[in-house]
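The structure appears right after this line, and notes come after that.
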Amino acid sequence: MVSMTQRQGDVIKELEAVFKDRLFTEPHILALYSHDASSEVGVKPMAVVQPVSVDEIIKVVKLAIDHGFKIVPVGSSTSLSGNATPKLENTVIVSMERMNSIIEVSDTDWYARVQPGIKVDELNLELMGYGLQWPVDPASSKTATVGGVISNGGGGMRGAKYGPASHWVLGLEAVIGTGDVIRVGCRTVKCREGYNLVQVFIGSEGTLGIVTEATLRLAPLPESFVGVMARFRSAESLVNAVIRVRRDKLWPMVTEFIDDITAQILNLEPGYYLWIGIDTYTGSEQQILTKLSGDISLSGGEVINRASTWQEFSKILEPRRMLYSATLKAAFNDYGTDVFVAFEDIAVPMSKLPEAVREIQSLGKKYNVRMNLGGHIGDGNLHPAVWARRSDRDEMERVLRFFEDVGKLAIRLNGTVSAEHGIGTQKKGLLREAIGSRNNGNSDTVIGLMRNIKRIFDPYGVFNPGKIFD
Amino acid sequence: MMNIKEIHEEVKKCMYCGFCEFPCPTFNALRSRAYGPRGRINLIKTLIENGFGQSKNIEINGDVINSIMTCLHCASCDTQCPAGIKIADAIHSFKAFILETILK
């Protein structure tokens, strides 16, 4: 009989033949790939490989089918929902770090063909030279890879106008669980070629295959830009300003906010802060600024800073960009390194925002948790963050119950339990509840369809097991 | 220079966001997690927690040593870290600790 270790040894030998010095089995290095940026606890994989070609990816998938090991594809492992965390020891991490080229940019057709390991900001720095952008900008854009953002269905600050990744991918090349390479989608925005398999891949969290190339839809960089930073006495009046701007048919590219707790951590004057930035054309800046400022004062806010270029707006937006740092600063101040921090990710229809903000704050009080609130309020996407002392079981329990209830609140307000962070391992239960709420309590049919789709792409169960659903 | 306890207190703060990798010259040259600040401080964290250079005799191979020793101490990572970790100094101090341990 062949022992487990012997079998593992055979696999490593075969992987070594393909990947040579791009195979890692040293336990300390393996530990670096055993979890992502979420709180999900993972296990050490048996190996990490860094492919540089599609051929190598086909080989590792065929080896997985033959030897029965699992594959977790990863980019930068910045997931906040556990979707890049391996849960089984017989896992090989396929890290796309080295497949990071821009293959082609078309400034006439407005698309870019890229390998999945390029980081979002690296791509956008290149595209600036063409006057173009890939307008998907998660807060982690400096480190998040395009492949990761696609697999996670990421969004970000510009989502209020441009929408998430699902709006900005024209075509994909991927290796699926049979070892076949598929190329789906087009290079045109209009593309009606049967079922839309590109969209099936977006947000699939590495459970269907490995994206090896993406054709991304691009947008022109705005010719001109105006924006404001405003302070409000209450969350309610801030939300009303956002709704008023919307009723005025202004369509901001960026609408972001932070609450009074975050403002305090950042040493800002007490209050709730709103940033609205609008892309426009030269000549119309003053008119838009006047309208915007009017909406803010009518809602009880005070404009503190105005910007008439993107560069100026980036400067006044800085405190909002510090939301993540501010949360960590407060958490470490409270509990040192014994701290547990988690970031929620719900979205609700805009009309439900006042209720959502009010109820999240009262849930925070109900469970007596340390929290702050901020997010992409322009598309209803809220990111309450909570922190607790890991060694305090009671506080940890209260934080988890708060999380659960925030998800349930999103469902009750016809929103979603995950706007852009994904389901991973941490929201499987809430996903079922959300689907059930729209299907007379029956989530089995829809989850069953998802499971069947997974079986078609990945008949041997190779890819990222245990994610999205059980 | 930090002592081993101070290094550990710093590296334990890492939330794994990876923001530090963007400006790191060695990460950008090699595109491998172990050759970026996030990788290095997490290797250091595990090594300290496993008792490296302290009570236990921990074997580490070239991959691990190389990744830590190749840090250029440019400290560009420090400007990016949302948790405010003194990444460059922690790595620099641990390099000295590795040399002390090896030369013992």
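The values are calculated or read from the model by the stated rules, or taken from the named source; none is laboratory data. Since we're looking at a predicted model, the values are computed, not measured. Every residue, glycine among them, receives a Cβ derived from its backbone with ideal geometry; neighbour counts consider all protein chains shown. Ligands, DNA and RNA are stripped out before the accessible areas are found, and what is left, the full protein with its side chains, is counted by its heavy atoms. Shrake-Rupley method; radii C 1.70, N 1.55, O 1.52, S 1.80 Å.
What the table below lists for this structure:
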{"quantity": "Spin-label zone in segment B:55-70 - amide nitrogen under 19 Å from a point set 7 Å from the Cα of residue B:96 along the C-beta vector", "calculated": "B:68-70"}
{"quantity": "GNM flexibility winner over chain B from B:30, B:47, B:72 (Cα, springs under 10 Å)", "calculated": "B:30"}
{"quantity": "For the protein assembly as shown, Cys with no neighbouring Cys Cβ under 4.7 Å", "calculated": "B:14, B:17, B:24, B:71, B:74, B:81"}
{"quantity": "Violating pairs (Cα-Cα greater than 31 angstrom) within the set A:44/B:86; A:44/A:427; A:142/A:467; A:59/A:87; A:20/A:70; A:13/B:86", "calculated": "A:13/B:86"}
{"quantity": "Percent of C-alpha pairs per 5 Å bin, segment A:286-440, short to long", "calculated": "2, 8, 15, 17, 18, 15, 11, 8, 5, 1, 0"}
{"quantity": "Kirkwood Rh (inverse of mean 1/r, distinct Cα pairs), the protein assembly as shown, angstrom", "calculated": "24.7"}
{"quantity": "Inter-part distance where segment A:312-385 and segment B:56-104 are each reduced to a Cα centre, Å", "calculated": "33"}
{"quantity": "Prolate/oblate/rounded call for segment A:224-318, Cα gyration tensor, a/c under 1.5 rounded", "calculated": "oblate"}
{"quantity": "At R0 = 60 Å, FRET efficiency that the Cβ-Cβ distance of residue A:444 and residue B:1 yields, to 0.05", "calculated": "0.50"}
{"quantity": "Label point distance in nm, residue A:366-residue A:109, each placed 7 Å from Cα along Cα→Cβ", "calculated": "5.3"}
{"quantity": "Residue B:14 - accessible surface, heavy atoms, 1.4 Å probe, Å² rounded to 10", "calculated": "30"}
{"quantity": "Convex hull volume of segment A:414-470 per residue (C-alpha atoms, cubic angstrom)", "calculated": "80"}
